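Here is the structure we will look at.
The values are calculated or read from the model by the stated rules, or taken from the named source; none is laboratory data. Note that the coordinates shown come from a computational prediction; the quantities given were computed from them, not determined experimentally. Neighbour counts run over all protein chains shown; Cβ positions are idealised from the backbone, glycine included.
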Amino acid sequence: MSKEMKRILITGACGQIGSELTMVLRERYGTDNVVATDIRKDPSREMVESGPYEVLDVRDREKLSSVVEKYSIDTIFHMAAILSASGEKNPWLAWDVNINGLYNVLEIAREKNLTRVFVPSSIAAFGPETPRKNTPQETVLKPRTIYGITKVVGERLGEYYFWKFGLDVRGVRYPGIISSKTLPGGGTTDYAVEIFYEALKHKKYTSFLRKDTRLPMMYMPDCLKATIMLMEADLSRLKHHTDFNVAGMSFSVEELANEIKKHIPDFKIDYKPDFRQEIADSWPESIDDSAAREEWGWSPDYDLSKMTADMLEKLRKKLSID
Ligand code: NAD
Ligand code: AKB
């Protein structure tokens, strides 16, 4: 029987995933038991008014240690990172934050004997030599981006802490995450969020990926569900720990545009691929997530049409567009 999570710290809590994860964890575990942290000094009002918030750079191990002590933290969701496109612009920063930040989190968790740590990986852990269709759980991990390299290190280092020190580290390889609340933070899959804003505001979008670029994607409610399901799963059922493939849906840019056109018939798209095309071309098109299904009961709720309808409804309200 695994130990329980009672006092949670989230790093990178202001980001695309962290901002929503914080709220669902506060609802589930109690507002005072979920401490949001981020390097940002300008968190949303919702974030600071709904529970504790601390400014924390994950590269600062002393501060991380003191925040963990101050709130008697037993569990960390480590969401702070530099994503793929930003990482290619500044690989040194990506290495520093993604590797040294992670090392600090794992070391503090080991020293203080924490219950559990969540360390997300990504489809970016794969590379051009990986089979691209229905990418298996066990396969070639030779990414070409600095971000992907840090994700492979994260998977292996988390697994090392599990076997060497008995630290319960868990993680999934998230696909591109689509959400309506917080904009994505500098990735290659960001087009799949931007396109909705542009379709509603201007009825046109210029894609930075080619129209036939097909990538694995997931809607935020499924992302939150997967994260919490894995973290609450019985440890004795897990054969994998830090590297679960999880699938939501898979579509090309053109297929997403066509789905949006069902709701906004005069929506127009054109294509001007940039440096992110090469990154997308090195990632899978679709993912085999049978290990997650077998070991902790994973299954997604959203497909392309359900996600598109929900995104448009949420963004219409957010942007006050009829
Ligand atoms: P994001 O870029 O939206 O948010 C990251 C947050 O980390 C930001 O709020 C940023 O201010 C913060 N941050 C940056 N440097 C920091 C530092 N030195 N110390 C503390 N905080 C710092 O990222 P996200 O999309 O929310 O991703 C969360 C995690 O999920 C990351 O590990 C990412 O690699 C992974 N992931 C995300 C996606 C996706 O599509 N969103 C897909 C695969 C994996
Ligand atoms: C990115 O595009 O960098 C992220 C990811 C898939 O890890 N969304």
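Note on segment 68-84: residues that are part of a helix (DSSP H, G or I), farther than 18 Å from LEU167 by Cα and within 16 Å of ligand 1 (Cβ to nearest atom) total 1.
Being out of contact with any Lys or Arg (no Cβ under 9 Å at 6 or more places or on another chain) and under 17 Å from LYS211 (Cβ atoms) is true for just one of ASP281, ASP274, ASP234. Which residue is that? Selected residue: ASP274, the only one of ASP281, ASP274, ASP234 that is out of contact with any Lys or Arg (no Cβ under 9 Å at 6 or more places or on another chain) and under 17 Å from LYS211 (Cβ atoms). If you go through segment 160-167 one residue at a time, do you hit one that is within 23 Å of ASN90 (Cβ to Cβ) and of a type in the set (Ser, Thr, Tyr)? No, because not a single residue in segment 160-167 is within 23 Å of ASN90 (Cβ to Cβ) and of a type in the set (Ser, Thr, Tyr). The set of residues in segment 1-46 being within 16 Å of ligand 2 (Cβ to nearest atom), in contact with a Leu (Cβ under 9 Å, 6 or more places away or on another chain) and in a helix (DSSP H, G or I) consists of GLU20, LEU21. The set of residues in segment 10-41 that are under 23 Å from ILE177 (Cα atoms) and either among the charged types (D, E, K, R) or touching a His at 6+ places or on another chain (Cβ under 9 Å) (or both) comprises ILE10, THR11, GLY12, GLU20, ARG26, GLU27, ARG28, ASP38, ARG40.
Mind telling me which of the residues ILE260, ILE279 ends up being more than 15 Å from ligand 1 (Cβ to nearest atom), among the β-branched types (Val, Ile, Thr), in contact (Cβ under 8 Å) with a residue 24 or more places away in the chain and closer than 25 Å to GLY185 by Cβ?
Just a single option satisfies the conditions, and that option is ILE260.
Return yes when LEU141 is near ligand 1 (Cβ under 9 Å from one of its atoms), more than 23 Å from LEU21 (Cα to Cα) and under 20 Å from the mean Cα position of the chain (by Cα) and no when it is not. The answer is no for LEU141. Identify the residue in segment 307-322 that is surrounded by fewer than 16 Cβ atoms within 10 Å (Cβ to Cβ) and in contact (Cβ under 8 Å) with a residue 60 or more places away in the chain and, among all such residues, is farthest from HIS202 (Cα to Cα). Step by step, filter segment 307-322, then rank; the result is LYS314. Take the conditions (1) more than 14 Å from HIS240 (Cα to Cα); (2) within 16 Å of ligand 1 (Cβ to nearest atom); (3) not in a helix (DSSP H, G or I); ARG173 misses just one of them, which is (1). Scanning segment 158-178 for residues that are surrounded by fewer than 18 Cβ atoms within 10 Å (Cβ to Cβ), free of Cβ contacts under 8 Å to residues at least 60 places away in the same chain and on the phi < 0 side of the Ramachandran plot yields a total of 4. For the criterion of being outside any loop (DSSP other than H, G, I, E, B) and within 16 Å of ligand 2 (Cβ to nearest atom), GLU198 fails.
Against the list (1) under 18 Å from MET229 (Cα atoms); (2) near ligand 1 (Cβ under 9 Å from one of its atoms), the condition PHE118 fails is (2).
The lone criterion from (1) exposed (fewer than 14 other Cβ atoms within 10 Å of the Cβ); (2) of a type in the set (S, T, N, Q); (3) in contact with a helix residue (DSSP H, G or I) (Cβ under 8 Å, 6 or more places away or on another chain) left unmet by THR22 is number (1). Checking each residue in segment 240-259 for being surrounded by fewer than 23 Cβ atoms within 10 Å (Cβ to Cβ) and part of a helix (DSSP H, G or I) picks out GLU254, GLU255, ALA257, ASN258, GLU259. Of all the numbered requirements in (1) within 16 Å of ligand 2 (Cβ to nearest atom); (2) over 22 Å from PHE267 (Cα atoms), TYR219 misses one, and that requirement is (2). Beta carbons closer than 8 Å, at least 6 apart along the sequence or on distinct chains, pair a first residue in segment 287-305 that is farther than 14 Å from ALA233 by Cβ and in a helix (DSSP H, G or I) with a second that is at pLDDT 95 or above and acidic (Asp, Glu) for LEU304/GLU255; LEU304/GLU259; SER305/GLU259. Against the list (1) in contact with a Gly (Cβ under 8 Å, 6 or more places away or on another chain); (2) closer than 27 Å to VAL193 by Cα, the condition VAL140 fails is (2). Scanning segment 196-240 for residues that are in contact with a strand residue (DSSP E or B) (Cβ under 7 Å, 6 or more places away or on another chain), under 30 Å from ASP322 (Cβ atoms) and away from ligand 1 (no atom under 14 Å from the Cβ) gives GLU198, ALA199, LYS203, LYS204, TYR205, THR206, SER207, LYS211.
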